[in-house]
Structures are given as C-alpha cells and as structure tokens.
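Taking it in order: structure first as structure tokens, then the write-up.
The values are calculated or read from the model by the stated rules, or taken from the named source; none is laboratory data. No experiment lies behind these values; they were computed from the predicted model shown. Counting neighbours? That spans all protein chains shown, and the Cβs are built from the backbone with ideal geometry, glycine included. Ligands, DNA and RNA are excluded from the accessible area calculation, which covers all protein heavy atoms including side chains. Shrake-Rupley method; radii C 1.70, N 1.55, O 1.52, S 1.80 Å.
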Amino acid sequence: MFIRLLSSAAALPLFVAAQPVLAEEAEDSAPLTDTIVVTGQRSTTPLDTTTDPVSGHASAPDAAALAARLPGAALIGNGPISGQVQYRGLFSERLATRVSGLSFQSGGPNAMDPPLHYAPAILLDSISVSRGAAPVSEGPGIGALVDARLKSVDFGTDARLTPKVSLASSYRTADRGFAVGGVAGLASESVKFNAIAAWEQGGDYDIPGGRARDTGYDRLTYGLSAGFQAQGNRLTLDWRRQETGPSGNPPFAMDIDYFHTDFARLAFDGSIGTLPFDLALGYTDVRHGMDNYDLRPAPASTAMYRYSAADAQTMTARARLGIGPVRIGVDGESIQRSVTISNPLNPAFSIGSLENVRQWRIGTFAEAKVSAGGWQAEAGLRVDWHGARMDAPLIGTAVPAMISNLATMTGMALTPHHDTTWDAVVRIWRADGTWRPRLTLARKTRVPGSVERFSWLPTEASGGLADGNIYIGNQALKPEVSWSAEGGVDLVAGPITFRPSLFYRRVEDYIQGTPVPASMTMQIAIATMNGDSTPLIWSNVEAELYGADADLTWQIMPQLRLDGTVSYVRGKRRDIADNLYRIAPLNGRLALTWDATVWSLTGELVGAASQDQVSASNSEAASPGWVAANLWFGVTLGKAISLTGGVENLFDRRYADHLAGRNRVMLSDVAMGEKLPAPGRSLFVRLGVDF
Ligand SMILES: [Cu+2]
C-alpha cells in the first residue's frame, strides 16, 4: 500500500513505500526546507521543501528535473544528465548543492557535471531545498541549500542483522531510456552495510515530428557504505564511483566523452563527554573528457577537432560542537583543478586553459537556536578565509603565436588571491498551528569561481550559462555579497495546505559578463578568430532578484485532491537597465488526483508564461509561453511492489521551456540555435521493490 505524504505539501501527489526501511538519517532541519522523499516518510519542517521520486512525476534521469517541480524552483536544461536547479532565480555555484552530504567542485569548466549529475533519479532517496538562504553551518554560497540524498540502508531496531533491499527499474519511450538501480544491505541496531548500484542508458529523444540529436546518455554508478553505532556514537563510511559514458550536451560546443568520479566520505556523529559533536571528511575526484566530433557531426576541418581533458579534486572537512543552545564549528575545503584543450589529431596542439588552479577555504561559525511561545529562532554568523592561485599556462608548440603570447602574459600577471568574507543568517519560524509564519534574513557571500577568475583563454567556458558568448576571466573580481529577506506563511487548515512566500535579494558585486574593454586587443582578436567579436569579461555588477512562489494542496474529498504550484521571479541589473540572464518566467502546475487505496490517477497541467524580461548583456532572446498536459498513475502490487508511471506531453505538443538550452548540433530535427523542445508524447513506467 501507499502512504501519501501530505506533510510536505509539495504540490505533488506523493507516494512512498509503506515500509520506510531505507532512509538516511534526517537532519533536524527546520520548517524552512522543502523535500521530495522517495523511500521513507520524513518529517518536514516549514523551512524546507521536499519532493518524491517514487511517484514518478518526473521521468527524466536527472534529479534536477524532480527538484525543479518545487515552488520557486526551475530546471536549467543543458543536456539529458547535465541539468541544474534554479531556485528563486539563482543557479550554478550560487546555490549550495550536496549529494549524500558531500559538496564538491564540478570537473567540467562548463558544468557538464553539475552536482546533481551525481544524483541519478533512480537512486534518489530524497531531495530538499531550503526555503530561503542556507544556514551558515552549510558554508558560504548566497542562495538556497539543495540537499540530494541517495538511498542507503539505515540502522535496524534490534541486535539481529536483517536484510534490506530497495530496487527500482524504469523505462520511458521518448528516449527508449531505461534505468535499473537500488541498494541492498544488512543492518542491525549497531552495524549496517550496503551496496548501491545503478545503470542508466537512453537514446536521442523524440520530439513531435522528429528527434533531438545528441541527447542520449549513459551512466553507471556503484558504491559501498558501512556504519557502526554504540552508546549514541555513530561512524559511517561511504564510497561511490560514477562512470558516465558518452552523453550529449547540445547547448554546448562539446559533448561528454566520460566522467570518472570517485566520492568518499567519513563521518562521526556523537558526543565528546556530554557535548554533541560531529565530524565529516569528504573527498571527490572528477576525471573528465569531452569532444566536438564523437557524438555530434564532426567539424569539416580536422584542425577544428577538439578534445578537452579536465579534472577536479575536492577535499572537505567539518567539525561541530554543541554547547547548550549554541553550535560552534570549523570547516574548510581545498580544491585543485585543471583543464587542457587539445586537438587529438595534433599532439603539439594543447592549451592549459585552467592550469593547476588551487583554491582553499577555512571557515568558522557559531549558530544558536532558541524557542519560546511556539516560536523558534536560529541565528548564525560565519567568517571565511579564502585563497586561490593558478600556475602559468602550459602551451603546445602548434598553438598559434597570438595564444602562446597571451599565455605568457597571463603567466606573468598571475598573483595569489586572498579574500575574507563574513555571512550572517537569522531564521524565525513557527512549526505548528494553523498559521505558520517563517522568515529568513541573510547576508551571504560567494567568492569568484576558478573559471570566473582564471579562465584567461577566450572560450565559451562559463560554468554552464550556454549563452554562446565567449568569456574571459578576471583576476580583479571581488566576492559577491547578497542581502536577502525571504518569508511567508504556511496555512495548514484541515483539508487545505497553502504555503505562499515572498522574497527580495540584492546582490552587490554580482559576477556576470560585461563587454571586454577595447584595450584588451589580444583577447578580442582571439575571440574574433573563434567566432565572437564581442566577447565578455567576468565583472562585478549590481543585481537584485525578487518574486513570489506558493503551493497548494486541497483534499476536496477523501479520494480527490487538488495540487498546485506557482513561481515568479524577476532578476534585474541595478547598475544598468538590463535583466539577469536565464531567469524562469512565471510558471506553474495544477494537478487533480483520484486516490483509491490500491491505485491512483493524476491529471496535470504544466505551463509557463512568455519571458520577455531577457538579458541584453547575454544576447538572450525572448520566448513564448506554453502549456502541456500529463497523466500519472500509481498501483500497489502487494506489500513490497509498486508500479508508477504516466504519459507526459499527452497532446504531443512541440514547446520549449525558456530555460532550455539552444541547439548547436547540426543535422538534427531541431534547428541550429533553436531552443531544445521538450520530449514529445512519452510513456513512462517505474517498478519498485522494497523490503
Ligand atoms: Cu565538459
């Protein structure tokens, strides 16, 4: 049987397996988080928002597509498994994204592997988004916390070792994509072990009247976890490897050849004497190759063949100690990354576009939590010291003189960078009652990323903007400083849950591309050679984002439920009259669900208004609105087996979301420069087994 998760009110008909045997330990998150829960019932709080992969109400392999269903969220589509979540107009490194507790540097300079690339939907346990700036204990990053948790076996309740299994398999017709994966293990009250694995593969997806070329994907994940606990102290160890095979990225100039990525995490959760204490150490190693000739039609001239190799290693550490209502902590990270562009047919052609970049951060924070009269409040302060440096770029002998001269100049101008930042976050909320107000006030910071600071070679690497512009890094960048107020009220009254929010954010020294000054003649000449005579340089500008979002759940009758979500955000420059780039238009969804005991059926309308508040700076074009219809179903087949699925784009309409990338692949049924349309009518089924 299924249990409906009304508590999260995520405007989804939410189904979860009745036996929540597999669930990560829930953090004591505040009501400022929205969560999508897959394998178990999680207590949600007004500060979070959650969503549910089991219901199958998103068939894409990408976890980002699922999180994008939450109010305030949207999907930045850069490829079938390269999607990013946008939340209240912010995306990429402005959000703090975690996968099973780890934060790490993407390997690709264009974020072909954004963090959620490493959270296959088939393995997802839950994904949460903080409904406001992340608490300071989560580190810097100006926007929300996006926390994806993969399935794992939790500790049992008695001394006996008991087997626990959660497997799922899915198929969708649009891309003939299948996925199989899950977790299996043994657990008692004191030990647990599990293995996790998944394999996903899909072809180019169908659109009404054709096929979107270069949209296939191939991804393998496997790993092991172990845990021990005694007397309130818990030790867990996780290792996971992901092997992504050739996968398309039509909005970029290249496609994924491979990602080979290892994750390791060691965590202790317990106490020192009587004081609560936790410690977590993380390591991530990304190895990546991409090219412009394997999946997509190769360039006419072999001189234009390109293969880029990239790697990134991230080490993280965090320790926290609780003293009464106060939690103090230290954390830090060290990142090393390189990107080398080459021509596979000419070994003397190679360019170190990011040459052994090293970034580090050490931070300390204090957070206090108090409650009185039904109100809860949390206030935190953190300080971080950051460093960044890069080596002089290495250049092969076949590289044009103009580029090797620029590399030499770049090497001479390189200096180490140091920044000190401070963040403060105050969160106030009520967790019960009919009206549950919540408010997050924050001053948060983000230091420039390595592409923004050090990308000396004019290329399209932009951390996933995919706007077709050529970008140049800027060593003079200052950190972004964001001031925000995000608040709302959750109305929980009998059959109705209504959760509206308002937000305003002002970002000083917002980092975005501006026209390269005419004095940078070499860079402009190289960019012109590469097809863009008006390249952009990363600069500090002024920005503001504001808007509103809400979701509604109305249990009209015991079996009949209405769910709705609406999101609106406006992003503007404050220093000039322009809009921010790739901001979601007004959008929403409305679903009606009939829920019998063993089956359910949902009809859903999804749509977006036109977006004409576009960025002239990024040469962004306006796009029209659209509406699509979906049908979803769920059936319970005995105690342990569930079958879910649906028909997406029921009327086979050709439409493209404003945030979809523009096609750059020739000989496709999508024109060059056209926004990638959504898949045509597609059947999706997902079979789950949990015991
Ligand atoms: Cu790449």
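Points to keep in mind about this one:
Conditions tested, residue by residue: (1) open to solvent by less than 20 Å² (accessible area, probe 1.4 Å); (2) of a type in the set (D, E, K, R); (3) out of contact with any strand residue (DSSP E or B) (no Cβ under 6 Å at 6 or more places or on another chain); (4) part of a strand (DSSP E or B).
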site	(1), (2), (3), (4)
Gly487	yes, no, no, yes
Arg506	no, yes, no, yes
Asp509	no, yes, no, yes
Gly513	yes, no, no, yes
Thr528	no, no, yes, no
Leu552	no, no, no, yes
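- Taken over region 642-663, the criterion of being open to solvent by 10 Å² or more (accessible area, probe 1.4 Å), among the aliphatic types (A, V, I, L, M) and under 21 Å from the mean Cα position of the chain (by Cα) is satisfied by Ala656, Ala660.
- Residue ID - farthest from Gly282 (Cα to Cα), chosen from residues in region 195-250 that are polar (S, T, N, Q) and open to solvent by less than 10 Å² (accessible area, probe 1.4 Å): Thr215
- Remark: pairs (first residue in region 672-690, open to solvent by less than 40 Å² (accessible area, probe 1.4 Å); second residue acidic (Asp, Glu); Cβ separation under 6 Å; 6+ apart in sequence or on different chains) = Gly680/Asp206; Gly680/Asp652; Ser682/Glu648.
- Filter result (closer than 19 Å to Trp199 by Cβ, within 13 Å of the ligand (Cβ to nearest atom) and in contact with a Ser or Thr (Cβ under 9 Å, 6 or more places away or on another chain)) within region 224-256: Thr244, Ser247, Gly248, Ile256
- Identity of the residue in region 269-288, within 30 Å of Ile256 (Cα to Cα) and among the hydrophobic types (A, V, I, L, M, F, W, C), that ends up least open to solvent (accessible area, probe 1.4 Å): Val286
- Test: residue in region 408-423 that is within 28 Å of Ser482 (Cβ to Cβ), open to solvent by less than 30 Å² (accessible area, probe 1.4 Å) and of a type in the set (Ser, Thr, Tyr): yes
- Breaking point among (1) in a strand (DSSP E or B); (2) under 28 Å from the mean Cα position of the chain (by Cα); (3) more than 24 Å from Gly79 (Cα to Cα), for Val492: (2)
- Test for Asp532: is it closer than 18 Å to Glu508 by Cβ, of a type outside the set (Lys, Arg) and either over 24 Å from the mean Cα position of the chain (by Cα) or part of a helix (DSSP H, G or I) (or both): no
- Checklist (1) touching a helix residue (DSSP H, G or I) at 6+ places or on another chain (Cβ under 6 Å); (2) loosely packed, with under 15 Cβ neighbours inside 10 Å applied to Val357, failing item: (2)
- So Thr45, is it assigned to a strand (DSSP E or B), open to solvent by 10 Å² or more (accessible area, probe 1.4 Å) and either among the hydroxyl-bearing types (Ser, Thr, Tyr) or modelled with pLDDT under 90 (or both): no
- Residue tally, condition more than 16 Å from the ligand (Cβ to nearest atom) and open to solvent by 60 Å² or more (accessible area, probe 1.4 Å), over region 257-268: 1
- Filtered residue count, region 305-329, keeping only those that are touching a residue at least 60 places away in the same chain (Cβ under 8 Å), within 12 Å of the ligand (Cβ to nearest atom) and open to solvent by 10 Å² or more (accessible area, probe 1.4 Å): 1
- Criterion violated by Leu477 - all others in (1) farther than 24 Å from Asn78 by Cα; (2) out of contact with any strand residue (DSSP E or B) (no Cβ under 8 Å at 6 or more places or on another chain) satisfied: (2)
- Region 476-529, residues that are within 30 Å of Arg438 (Cβ to Cβ) and aliphatic (A, V, I, L, M): Val481, Ala485, Val489, Leu491, Val492, Ala493, Ile496, Leu502, Val507, Ile511
- The single condition among (1) surrounded by fewer than 15 Cβ atoms within 10 Å (Cβ to Cβ); (2) closer than 19 Å to Ala461 by Cα that Thr397 does not satisfy is (2).
- The one condition in (1) more than 25 Å from Gly673 (Cα to Cα); (2) open to solvent by less than 10 Å² (accessible area, probe 1.4 Å) that Lys192 fails to fulfil: (2)
- Residues that are open to solvent by less than 50 Å² (accessible area, probe 1.4 Å) and within 16 Å of the ligand (Cβ to nearest atom) within region 294-304 comprise just one, Arg296.
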